[in-house]
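S.K.: Pasting in a structure now, in structure tokens, and then I'll have a few things to ask.
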Amino acid sequence: MRHRIAVVGGGPGGLTLARVLHRHGRPVTVLERDPSPAARPPGGTLDLHEGLGQRALEAAGLLAEFEALARPEGQAMRILDTAGNVLRDWRPRPDERANPEIDRGQLRDLLLGPVDVRWGHGVTHVTPGARPGDGACVRFEDGHEETFDLVVGADGARSRVRPAVSAVTPHYTGITVVETSLDDVDTRHPGLARLIGDGSVAAYGPNRSLVAQRNSGGHVKVYARFRAPLDWHAHLDLTDAEAVRTSLLALFDGWAAPVLDLLRHGAVFAHRPLHVLPVGHTWTHVPAVTLLGDAAHLMPPLGVGANLAMLEGAELAEAIAAVPESGPGASAGPEALDGVVRAFEERMWARAGKWAAITAAGLERLVSPDPAEALAQFEEVQPS
């Protein structure tokens, strides 16, 4: 019998796992809550690191296709003070390929390819079998159930799979992000286009920052980050764009007008309080169920999370593909599959724990009472 493997969640990590398994001729089913790929905006841009996300794409046989879509120029980074003065203006070399950018939607479409995705299949919970080899039962929103030999939770911060292995839930960092966007920036807002450049621009003040990041096609994502209670918006209608804009402009009062124009021209605002799992989150191994990506180690969004999820997906897929399904050794079936999952978890925990500590410290410095901490953080990552 062939192993029945389900991946819950059609994000970068889950799709990478499925695509690498498919490349090895192993059947896998992706269970995705969204009714279709176009059900909601795919999000902003991602920088895929050479030893992480790019390594995963290589395992999927997609590195050349990625390089054709990626934007190496998007690695550029400009740092401003609140008066709009340029403190650092880093631009990548023409051959720099360490962290090229790609839109999330483009990456999703690249990974989807021939993968079997069941759209509109929201999972409510997963129940491991009573005995090793029983698999795990997946219950769906419509009430029906299916049993799989392995269920991989790649379903993000609000994972429905995580409770099957861990009682830990994400906690609020004390930092909130409000996101907006600009379209056709080069034509409609040429001044802002020049301010942003080819990649990103960031301005840092005490306990707050404004970051704008160029996507493809003249689209720009803008992120206002600030320290605040979780209920900071209690007396604010978050669906009222003008009210949110007014509140943000007051919060960033006194900053340079060109920087504040990033907020003035945004049309829709999305509230995204930053939650994380504890640094070093692990669990007692549960047969037939595991996690990867944000479901396993939700950390601050500082350019590492999707990369780790993709690498984990590729590594787990390659390990599963090495387990024989028929012929000599196949009788070890469930035990052999469980063994590679255990080994995968140990590797994932060690690596993710280090990155979780790095990103937690990084977030504290990027939204710090002393804006000089943010500049120092940038200098350590990209020395001038």
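S.K.: Which one is surrounded by the most Cβ atoms within 10 Å (Cβ to Cβ) among residues in the range 114-125 that are in contact with an Asp or Glu (Cβ under 6 Å, 6 or more places away or on another chain) and closer than 30 Å to E65 by Cα?
M.R.: Of everything passing the filter in the range 114-125, V117 is surrounded by the most Cβ atoms within 10 Å (Cβ to Cβ).
S.K.: Follow-up. List the helices (runs of 4 or more DSSP H) inside the range 225-339, counting only whole elements, that have at least 2 residues being within 27 Å of D81 (Cβ to Cβ).
M.R.: 241-251, 257-264
S.K.: Additional query: Kindly list the number of the only condition in (1) within 22 Å of the chain's Cα centre (by Cα); (2) farther than 28 Å from P229 by Cα that fails for L192.
M.R.: L192 satisfies all of (1) within 22 Å of the chain's Cα centre (by Cα); (2) farther than 28 Å from P229 by Cα except (1).
S.K.: Sticking with this structure for a sec: In the range 55-97, how many residues are basic (K, R), part of a loop (DSSP other than H, G, I, E, B) and touching a Pro at 6+ places or on another chain (Cβ under 7 Å)?
M.R.: 1
S.K.: Have a look at P92, P128, P100 and point out the one that is of a type outside the set (K, R), buried (at least 17 other Cβ atoms within 10 Å of the Cβ), at pLDDT 95 or above and closer than 25 Å to H219 by Cα.
M.R.: Selected residue: P100, the only one of P92, P128, P100 that is of a type outside the set (K, R), buried (at least 17 other Cβ atoms within 10 Å of the Cβ), at pLDDT 95 or above and closer than 25 Å to H219 by Cα.
S.K.: For the range 268-279, give me each residue that is open to solvent by 70 Å² or more (accessible area, probe 1.4 Å) and not basic (K, R).
M.R.: V268, V279
S.K.: When only residues in the range 187-217 that are open to solvent by 30 Å² or more (accessible area, probe 1.4 Å) and at positive phi count, which is modelled with the highest pLDDT?
M.R.: Checking each candidate, the answer is N207.
S.K.: Suppose the filter is among the basic types (K, R), more than 17 Å from L107 (Cα to Cα) and part of a strand (DSSP E or B); does R2 pass it?
M.R.: Here the answer is no, as R2 does not meet what is asked.
S.K.: Could you say which residue among A288, A321, A296 is crowded, with 24+ Cβ neighbours inside 10 Å, under 14 Å from R4 (Cα atoms) and modelled with pLDDT of 95 or more?
M.R.: A288
S.K.: Identify the residue in the range 86-95 that is more than 14 Å from D198 (Cα to Cα) and touching a residue at least 24 places away in the same chain (Cβ under 8 Å) and, among all such residues, is farthest from the chain's Cα centre (by Cα).
M.R.: L87
S.K.: Of the residues L111, L80, L69, L31, which single one is open to solvent by 20 Å² or more (accessible area, probe 1.4 Å) and hydrophobic (A, V, I, L, M, F, W, C)?
M.R.: Exactly one residue qualifies, and that residue is L69.
S.K.: What are the residue pairs meeting all of these: first residue in the range 224-236, first residue in contact (Cβ under 8 Å) with a residue 60 or more places away in the chain and within 20 Å of Y204 (Cα to Cα), second residue part of a loop (DSSP other than H, G, I, E, B) and of a type outside the set (S, T, N, Q), Cβ atoms under 8 Å, and 6 or more apart or on different chains?
M.R.: R225/V367; F226/V367; R227/V367
So that you can scan it fast, the table gives a plain yes or no per residue for (1) in contact with a Pro (Cβ under 7 Å, 6 or more places away or on another chain); (2) among the hydroxyl-bearing types (S, T, Y); (3) under 15 Å from L277 (Cα atoms); (4) at pLDDT below 95:
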| site | (1), (2), (3), (4) |
| --- | --- |
| P334 | yes, no, no, yes |
| F344 | no, no, no, no |
| A357 | no, no, yes, no |
| L363 | yes, no, yes, no |
| P371 | yes, no, no, yes |
| A374 | no, no, no, yes |
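S.K.: Okay, next question. Right, V20: crowded, with 17+ Cβ neighbours inside 10 Å, under 18 Å from the mean Cα position of the chain (by Cα) and β-branched (V, I, T) or not? Walk me through it before giving the result.
M.R.: On the way: crowded, with 17+ Cβ neighbours inside 10 Å: yes; under 18 Å from the mean Cα position of the chain (by Cα): no; β-branched (V, I, T): yes.
It is false that V20 is crowded, with 17+ Cβ neighbours inside 10 Å, under 18 Å from the mean Cα position of the chain (by Cα) and β-branched (V, I, T).
S.K.: Enumerate the pairs (first residue in the range 132-149 and open to solvent by 30 Å² or more (accessible area, probe 1.4 Å); second residue anywhere and of a type in the set (D, E, K, R) and outside any strand (DSSP E or B)) with beta-carbon separation below 6 Å, excluding pairs fewer than 6 apart on the same chain, so at least 6 apart or on different chains.
M.R.: That search, which allows pairs on different chains as well, returns D149/R4.
S.K.: Can you tell me which residues in the range 333-356 are open to solvent by 50 Å² or more (accessible area, probe 1.4 Å) and farther than 14 Å from E318 by Cβ?
M.R.: Listed by number, the residues that qualify are P334, E335, R342, E346, A350, R351, K354, W355.
S.K.: In addition: Have a look at G43, G51 and point out the one that is on the phi > 0 side of the Ramachandran plot, open to solvent by 30 Å² or more (accessible area, probe 1.4 Å) and not hydrophobic (A, V, I, L, M, F, W, C).
M.R.: Result: G43 is the single residue among G43, G51 that is on the phi > 0 side of the Ramachandran plot, open to solvent by 30 Å² or more (accessible area, probe 1.4 Å) and not hydrophobic (A, V, I, L, M, F, W, C).
S.K.: Restricting to the range 53-85, name every residue that is of a type in the set (A, V, I, L, M) and without any contact (Cβ under 8 Å) to a residue 60 or more places away in the chain.
M.R.: Just the residues of the range 53-85 that are of a type in the set (A, V, I, L, M), to begin with: 56-57, 59-60, 62-64, 68-70, 76-77, 79-80, 83.
Within the range 53-85, L62, L63, A64, A68, L69, A70 meet the criteria.
S.K.: Something else about it: Look at A39 and say whether it is of a type in the set (A, V, I, L, M, F, W, C) and within 29 Å of V178 (Cβ to Cβ).
M.R.: yes
S.K.: Which one of these is among the small types (G, A, S), modelled with pLDDT of 95 or more and under 23 Å from the mean Cα position of the chain (by Cα): A56, A83?
M.R.: Selected residue: A56, the only one of A56, A83 that is among the small types (G, A, S), modelled with pLDDT of 95 or more and under 23 Å from the mean Cα position of the chain (by Cα).
The values are calculated or read from the model by the stated rules, or taken from the named source; none is laboratory data. Keep in mind that what you see is a predicted model, and the values were worked out from it rather than measured. Methodologically, a virtual Cβ is constructed for each residue, glycine included, from the backbone with ideal geometry; neighbour enumeration extends over all protein chains shown. Just the protein is used for accessible areas: all its heavy atoms, side chains included, with ligands, DNA and RNA removed. Shrake-Rupley method; radii C 1.70, N 1.55, O 1.52, S 1.80 Å.
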